[in-house]
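Data first, discussion second: the structure below is written as structure tokens.
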Amino acid sequence: MIARRVREAHVYSEIVPHTMSAADMLSRDPVALIVSGGPSSVYEEGAPTVDQEVFEAGVPLLGICYGHQLLARALGGAVEKTGLREYGRTEAEIVDPGAVLDGSPATQTVWMSHGDTVNRAPEGFTVGAKTAGSPVAAIEDRDRRMVGVQWHPEVRHTPLGQDLLENFLYRVAGIDPDWTNEGVIDEQVTRIRDRVGDGRAICGLSGGVDSAVVAALVQKAIGDRLTCIFVDHGLLRAGEAEQVERDFVEATGVRLVVRDARRRFLDALKGLVDPEDKRKAIGREFIREFEEAAREVASDGVGDVRFLVQGTVYPDVVESGGGVGAASIKSHHNVGGLPDDLQFDLIEPLRTLFKDEVRAVGIELGLPEAMVWRHPFPGPGLAIRIIGEVTEERLEVLRAADLIVREELMAADLDREIWQCPVVLLADVRSVGVQGDDRTYGYPVMLRPVSSEDAMTADWYRVPHEVLARISTRITNEVTEVNRVALDVTSKPPGTIEWE
Ligand code: XMP
């Protein structure tokens, strides 16, 4: 989140693990460092830390929360183990704004989440703010260009947090806000051309934003030496396969091979109800199908295919260990682990970008808006939104209900505010209803609208009642198999976004 906020301030940023040595960090020539962390105690056994030299390298540095405590301790301040926790919205009193809190009102609301407390600033630092539980909630040393804050400026619950980050970047560290992702396309096109030379590449399209954008980018670089493969597993939502086969090809002129694998996937899913069994079956069939397609493309006599293009984005990189310490919850597959006998060199030009940046690149490349603004959708598709066995009929029911939800959210102008809204068919549950004079015995569907910034955490989105009412009326009228519409009001954690 911090890295994203820094980019929103037009300064390029990357996340590195705290275990990286100071020498490695400094060899990347950072213009500033931000040290952050969760609510651990700096005194705990095995508590995460960073090399002392990080604080002595003369590079502008901002410590946030746990990083504030590390900074204070490293430079001779005092951190007290109070055993008390200060959590949630807190009022901070600004005692000396310095550069980093310049422009702040005398008090501001900040988001806190910590146990230990800094109670003496290191020598040379002035105390900028205090709260009821933190006598030294912000510190600054203009000469050494170092700042620490106990609260989290990166979260929306700290309304003036972005100002603080920008003050640090522009005024304390003296960085010009000149990074944009406009340069990304030209830079990547050149790089891809250099790398691929006159070779060929393939790319799996999922219908999602990331793979569409990466394919369009590589197509711009190497034209029809890129072949895209779209495995239609029959688990997409209404209209999405057509979007790939027709609209995407129209917008990009990409060379596309479509594999109709609907039967294959349905057969593989027959009798499976356990979520992990379903995921595994889909992963396995996907790899087989993709492998066959890749072999066919490679044996068309036009030349070897050496490169595989993947739409890996920055959060994937961080989640899969790029930022050690953040535990990963579910392993997501892109094209899945491809077998060893299919050896490709990977091209992943979106590796450094966040979702909103990927979208911006997509728009610039001229992709259809409906595709670029599509909500995130899981690789295993509707199969993990049918609780119970996946069958053709159930897929039809879910597709119909899902389409209504999408139409109504769009009509209410909510689709860009909502991160995603899975519609889940509880296919093994039936309930009694009444329709006209007839008794019905139908399925319930569950709506799961969430707001989120990165899918790591989420809150249930408060969809206005009248929109919910329209969705409910339409689904129960138009989808005869469904006679009940329910709303999931669980945040993540504890619930995940998807039900399986
Ligand atoms: P959860 O359910 O873990 O979902 O809260 C977080 C985000 O990831 C998406 N998701 C997946 N995406 N393959 C994917 O490509 C998967 O197997 C998968 N499972 C969940 C989910 O839609 C949400 O955006």
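Observations on the model:
- Elements of type strands (runs of 3 or more DSSP E) in segment 348-465, at least 1 residues being within 12 Å of the ligand (Cβ to nearest atom) and under 25 Å from the mean Cα position of the chain (by Cα): 423-426
- All positions within segment 432-451 that are crowded, with 17+ Cβ neighbours inside 10 Å and either closer than 19 Å to Arg385 by Cα or of a type in the set (A, V, I, L, M) (or both): Gly442, Tyr443, Pro444, Val445, Met446, Leu447, Arg448, Pro449, Val450
For every residue, the table says whether it meets (1) closer than 16 Å to Gly379 by Cβ; (2) in contact with a strand residue (DSSP E or B) (Cβ under 7 Å, 6 or more places away or on another chain); (3) not in a helix (DSSP H, G or I).
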{"position": "Arg263", "(1), (2), (3)": "no, no, no"}
{"position": "Asp277", "(1), (2), (3)": "yes, no, no"}
{"position": "Gly303", "(1), (2), (3)": "no, yes, yes"}
{"position": "Asp316", "(1), (2), (3)": "yes, no, no"}
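- Pair list, Cβ under 6 Å, 6 or more apart: segment 473-500 residue on the phi < 0 side of the Ramachandran plot and acidic (Asp, Glu), other residue at pLDDT 95 or above and away from the ligand (no atom under 15 Å from the Cβ): Glu481/Val397; Glu481/Gly442; Glu481/Tyr443
- The listed residue being farther than 14 Å from Ala138 by Cα and over 26 Å from the mean Cα position of the chain (by Cα), out of Glu86, Glu93: Glu86
- All positions within segment 8-58 that are aliphatic (A, V, I, L, M) and within 27 Å of Glu86 (Cα to Cα): Ile15, Leu33, Ile34, Val35, Val42, Ala47, Val50
- Filtered residues of segment 262-300 (kept if in contact (Cβ under 8 Å) with a residue 12 or more places away in the chain, among the acidic types (Asp, Glu) and either more than 16 Å from the ligand (Cβ to nearest atom) or under 12 Å from Thr391 (Cα atoms) (or both)): Glu289, Glu291, Glu292, Glu296
- Considering residues of segment 41-60 that are in contact with a helix residue (DSSP H, G or I) (Cβ under 6 Å, 6 or more places away or on another chain) and either modelled with pLDDT under 90 or among the β-branched types (Val, Ile, Thr) (or both) only, the residue nearest to Pro177 (Cα to Cα): Val54
- A single member of Val317, Val313 is without any contact (Cβ under 8 Å) to a residue 40 or more places away in the chain and touching a Lys or Arg at 6+ places or on another chain (Cβ under 8 Å), and it is Val317.
- Evaluating Val257 against the criteria (1) assigned to a helix (DSSP H, G or I); (2) buried (at least 16 other Cβ atoms within 10 Å of the Cβ) leaves one unmet condition, (1).
- The residues of segment 9-36 that are charged (D, E, K, R) and in a loop (DSSP other than H, G, I, E, B), listed by number, are Glu14, Arg28, Asp29.
- Scan of segment 376-390 for residues that are surrounded by fewer than 19 Cβ atoms within 10 Å (Cβ to Cβ) and under 17 Å from Val214 (Cα atoms), ordered by number: Pro376
The values are calculated or read from the model by the stated rules, or taken from the named source; none is laboratory data. From a predicted model like this one, the values you see are computed outputs, not experimental measurements. Methodologically, a virtual Cβ is constructed for each residue, glycine included, from the backbone with ideal geometry; neighbour enumeration extends over all protein chains shown.
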